[in-house]
Amino acid sequence: MSLRRQRLGQIGVNLVEGIILRDWRSRWQPLDAHNDDGIDGLIFVEQNGVPTGQIIFAQIKCWTVPRIDSTGSYCLALGSEKLSRNYERWRRVVGAAIVIFVDPKEMNAFWVDARSARRTASQIFVPTDQTFDREAKGRIAQLCGTIHRDLLVKSLRAEAEDFPHLRTRDHIQVAAHALYRELGSKPVRLGGDGPIVTFDGKGWRHITRRGRPELTRYQSFVLLGVARKLLAATTEEELRGHTSRVDPTTPYVSARAAVSFPFRQTAIVKLIMRWVPTQEGRDYYFHTIYEPRRKRNVYGVREPLSR
């Protein structure tokens, strides 16, 4: 590497590191320069001085005369072999992967998601309207997905006998309704010996309401099989507040777990309950059960085209 390229590279790294330390209030960890494998450093995202667990893999490019195409993007020519090799590396990292272009004249930076960036065989394009600054932190952090949070969720193992309604000849809604009535007739207690969760008609009407997508209803029918185990494994103290966009005035709480199924892959399952205050504490009522990670890819990043 020439001294000029080395100097430009250091200018780029210094600018990016300053933004991360000063504006993001996060941590930058550079990698050895001789490891030319598409990653110049790691960004460890922090919130209020506490690591979130999100890691961003970054490659930094600093050129004095970048070309801008008709769409308003910087054209970074990396070479076909190098770009292909780097792209495979970006695909494999667990976390976000971004390319940052630094303009050494104006001393500002721009970024693009390395996995979804528009590219040709030898070029990758960085939009000129995606400034790498304080405001970019939240948007880029979302590219890390939910893995850092999912690892902290309690695990729950479901068995085949938890899903009797999936092995009958009845229509799935009929079979699920029978299971729902059973949940209502045999008390389900939080934590095994805590408050009873009531499965009433209002909860059933909610998950079967007209206008709810058919496949979403089907998902709730299937997941009713783990409702008893999920509630029994969750104490009242472990419940988390939940706000409904449709009904923001009603108080809700949620229980969640990473459930391993005997017939499909593990998934995060979330059960929502509405509650009302009593003299003794609270009464809980089933509201819905679903997978909050639907419409997301394997990283837990929302897929905008999967509607």
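Shape analysis of the chain based on the Cα gyration tensor places the equivalent ellipsoid semi-axes at 49, 20, 17 Å, largest first. A simple spin-label model places the labels of Gln279 and Thr128 7.2 nm from each other, with each point 7 Å out along Cα-to-Cβ. Please label the shape of the stretch 1-68 as rounded, prolate or oblate, based on the square roots a ≥ b ≥ c of the eigenvalues of the alpha-carbon gyration tensor (a/c under 1.5 means rounded; beyond that, a/b larger than b/c means prolate, else oblate). It is prolate, given that a/c is not under 1.5 and a/b is the larger ratio. Using a probe radius of 1.4 angstrom, the carbon and sulfur fraction of the accessible surface of the chain is 50%.
3J(HN,Hα) along the stretch 127-138: x, 6, 9, 9, 6, 8, 8, 4, 5, 6, 4, x Hz, from the Karplus curve 6.51 cos²θ - 1.76 cosθ + 1.60 with θ = phi - 60°, whole Hz, x for Gly and Pro.
Annotation: amide H-H contacts under 5 Å for Tyr252 (H modelled 1.01 Å from N, sequence separation of 5 or more, or interchain): His242. When all protein chains stay in place and ligands, DNA and RNA are ignored, the 1.4 Å accessible-area order of Met107, Met273, largest first, is Met107, Met273. Between Lys82 and Leu152, the simple label model (points 7 Å from Cα in the Cβ direction) yields a spacing of 3.9 nm.
Loop-located trypsin sites (Lys or Arg not before Pro) in the stretch 223-283 (DSSP state other than H, G, I, E, B) with a sparse environment of at most 10 neighbouring Cβ atoms within 10 Å: Arg245, Arg264.
Within the straight-line cut-off of under 18 Å between alpha carbons, the lysines reachable from Lys82 are Lys61, sequence neighbours fewer than 8 places apart in one chain being disregarded.
For the stretch 155-290, with equal point scatterers placed on the C-alpha atoms only and solvent neglected, what are the log10 I(q)/I(0) values from the Debye formula at q = 0.09 1/Å, to two decimals? Results for the stretch 155-290 at q = 0.09 Å⁻¹ read -0.25.
I'd like the trypsin sites (Lys or Arg not before Pro) in the stretch 1-31 restricted to DSSP loop residues with at most 14 other Cβ atoms within 10 Å, sorted by number. In loop regions of the stretch 1-31 (DSSP not H, G, I, E or B), the sparsely surrounded trypsin sites (Lys or Arg not before Pro) are Arg25.
Per residue, the solvent-accessible area of the stretch 164-307 (1.4 Å probe, heavy atoms of protein chains only, all protein chains present) comes to 58 Å².
The amide H of Gln47, built 1.01 Å from its N in the peptide plane, has Thr52 as neighbours under 5 Å, considering only residues 5 or more places off or on other chains. If you plug each phi of the stretch 265-271 into the Karplus form 6.51 cos²θ - 1.76 cosθ + 1.60 with θ = phi - 60°, what whole-Hz ³J(HN,Hα) values come out, in order, with x for Gly and Pro? Listing the rounded values in order: 6, 5, 8, 7, 10, 10, 10 Hz. Taking the Cβ of Gly53 as the center, what net charge do the other residues with Cβ under 11 Å away carry, scoring Lys and Arg +1 and Asp and Glu -1? Summing Lys/Arg as +1 and Asp/Glu as -1 gives -1. Loop-located trypsin sites (Lys or Arg not before Pro) in the stretch 115-207 (DSSP state not H, G, I, E or B) with no more than 11 neighbouring Cβ atoms inside 10 Å: Arg167, Arg169.
Close amide H contacts of Gln130 (hydrogens built in the peptide plane, cut-off under 5 Å, sequence separation of 5 or more or a different chain): Trp111. Normalised by residue number, the volume inside the convex hull of the Cα atoms of the stretch 1-119 is 116 Å³ per residue.
The values are calculated or read from the model by the stated rules, or taken from the named source; none is laboratory data. This structure is a prediction, so every number in the text was calculated from the model and none was measured. Every residue, glycine as well, gets a Cβ built from its backbone with ideal geometry; the counts of neighbours run over all protein chains shown. Heads up: the accessible areas ignore ligands, DNA and RNA and are worked out on the full protein's heavy atoms, side chains in. Shrake-Rupley method; radii C 1.70, N 1.55, O 1.52, S 1.80 Å.
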